[in-house]
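Quick notes on the structure that follows.
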Amino acid sequence: MNEVAQVLPGRGREGDGTGEPQAMSPAASPLRQPLRGRPLPVNGEDLAPLDVVADFPAIPPGWAYLDTAATAQKPQPVIDAITRAYDTTYATVHRGVYARSADMTLAYEAARRRVADFVGAGSADEIVFVRGATEAINLVAQSWAATHLKVGDRILLSMLEHHSNIVPWQLVAERLGVAIDVAPLTADGRIDLDAAEAMLTERHKLVALAHVSNVLGSVLDAHRAADMAHRVGAKLLLDGCQAVPRLPVDVAALDCDFYVFSGHKLYGPTGIGCLWARPDLLDAMPPWQGGGAMIDRVSFERTTYAPAPARFEAGTPHIVGALGLAAAIDYVEGIGLDRIHAHETTLVAQAREALGRINSVRLFGPADSAGIVSFAIEGVHPHDVGTILDEAKVAIRAGHHCAQPLMAALGVDATARASFGVYNGPADIEALVAGIERVTRIFG
Ligand code: PMP
């Protein structure tokens, strides 16, 4: 095996039927063994609690890291893939004529196939590597929307969107004379699809919604959203930032048109993320940034462009980031997204149950939220909650979570948010609840 083949991410662990994670040799790379179609766990036994915190060197014993919705900690296989790439196999991609660069190109493109497989894309060419979800949405706004929308058209968003699924549309809408509508939420904090359906008209060209809310954890009925959008001839973009780390995602089954996510919330590195788009849409999208790697031929008279995805990847990409992302996908698929979802659902239920018993705690979002619990304590600013919890070695997020319109809709400036990942367990919930009881005693 050549040296770059060794950095091709091996799936760090895999259920072998005993429930024990198994090491996997690089030779058994999942790149040669697509996981799609792999039987998923079906009973409670297979969904036994995860016990993988030892894979995460940056989580010391006794520290409850409950901010995975902001960014996930990194498992050792991801750290190893990144380190190995810089240590032993590093070179540029796509341009070098020497073997090392050709090998790195193979590894980089294998990572793209890994992502395509992970989200159910028809081909690796449907995956554009970007910096993260924010850049992916800006790409769709500046390239697709800027050329396919015109004055009088409308975009439908929802009240719970992250700023990165609001502001890029505002920038382009202002320029084009396009209007933005905002779907309200149900009382329990889901996007109100009945209301959204009633708002949609033939003028709507795009519906852009969070697959999972980063504040409330509400899971969108994405298939219904796709039906509704398509019925009026609109495209559906799903912001999958909070979905891909905790739910199996298949863009074909969801029937969406664009899907975006960030690697760092999926246990991968920062600075790498993905846009998936239907190939006919990608083919009809002009470049949005110019530079190396995105061209076919350049002259001062006329420049022609490479086909997708290269057309959208100007400049030297985050080569090692892509390898790290592929390793992260190996890692989560090795555990199983269904197991992760079941694990986080249990943690959410435990947390909501325990916090719900404290009188001064107000819980936001639906009971079946995915991996995220937002709350407020009467008379205590969420920042104070966060600071006191930090003293108790519990790391939560407090603030507006880049969702100021949602905060306004909830009638608060900020919330406290505990969000879970594969490394969390009941002890973290106990530490959270004990910390909040302490807050209520201090402020009580
Ligand atoms: N959308 C959602 C739902 C998010 O949670 C986040 C990150 N908090 C983003 C978009 C933006 O992701 P990034 O900052 O990685 O581009």
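The values are calculated or read from the model by the stated rules, or taken from the named source; none is laboratory data. This is a predicted model, so every value here is computed, not measured. Don't worry about glycine lacking a Cβ; one is built from the backbone with ideal geometry, like all the others, and counts go over all protein chains shown. The protein model used for the area step is the full one, side chains on, heavy atoms only, and it has no ligands, DNA or RNA in it. Shrake-Rupley method; radii C 1.70, N 1.55, O 1.52, S 1.80 Å.
Structure summary
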| read-out | value |
| --- | --- |
| Some residue of segment 71-94 being within 16 Å of the ligand (Cβ to nearest atom), touching a residue at least 60 places away in the same chain (Cβ under 8 Å) and among the hydroxyl-bearing types (Ser, Thr, Tyr) | yes |
| Residues within segment 96-124 that are of a type outside the set (A, V, I, L, M), assigned to a loop (DSSP other than H, G, I, E, B) and without any contact (Cβ under 8 Å) to a residue 40 or more places away in the chain, tallied | 2 |
| Qualifying residue in segment 249-258 (condition: of a type outside the set (Phe, Trp, Tyr), open to solvent by less than 10 Å² (accessible area, probe 1.4 Å), within 16 Å of the ligand (Cβ to nearest atom) and under 18 Å from the mean Cα position of the chain (by Cα)) | yes |
| Lone unmet requirement of (1) open to solvent by less than 10 Å² (accessible area, probe 1.4 Å); (2) not in a strand (DSSP E or B) for Leu236 | (2) |
| Unmet criterion (only one of (1) surrounded by 20 or more Cβ atoms within 10 Å (Cβ to Cβ); (2) assigned to a helix (DSSP H, G or I); (3) more than 11 Å from the ligand (Cβ to nearest atom)) for Ala198 | (1) |
| Some residue of segment 412-425 being surrounded by fewer than 24 Cβ atoms within 10 Å (Cβ to Cβ) and in a helix (DSSP H, G or I) | no |
| Residue satisfying condition, being of a type in the set (Gly, Ala, Ser), crowded, with 17+ Cβ neighbours inside 10 Å and assigned by TED's automatic domain parsing to the domain that holds Leu238, within set Gly290, Gly273 | Gly273 |
| Residue in segment 252-269 that is of a type in the set (A, V, I, L, M) and either assigned to a loop (DSSP other than H, G, I, E, B) or modelled with pLDDT under 95 (or both) present | no |
| Verdict on Ile127 being in contact (Cβ under 8 Å) with a residue 40 or more places away in the chain, more than 14 Å from the ligand (Cβ to nearest atom) and surrounded by 22 or more Cβ atoms within 10 Å (Cβ to Cβ) | yes |
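Residues are listed down the side, and each one gets a yes or a no for (1) touching a Ser or Thr at 6+ places or on another chain (Cβ under 9 Å); (2) polar (S, T, N, Q):
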{"site": "Leu176", "(1), (2)": "no, no"}
{"site": "Ala183", "(1), (2)": "yes, no"}
{"site": "Thr186", "(1), (2)": "yes, yes"}
{"site": "Met199", "(1), (2)": "no, no"}
{"site": "Glu202", "(1), (2)": "no, no"}
{"site": "Ala210", "(1), (2)": "yes, no"}
{"site": "Val215", "(1), (2)": "yes, no"}
{"site": "Val219", "(1), (2)": "yes, no"}
{"site": "Ala229", "(1), (2)": "no, no"}
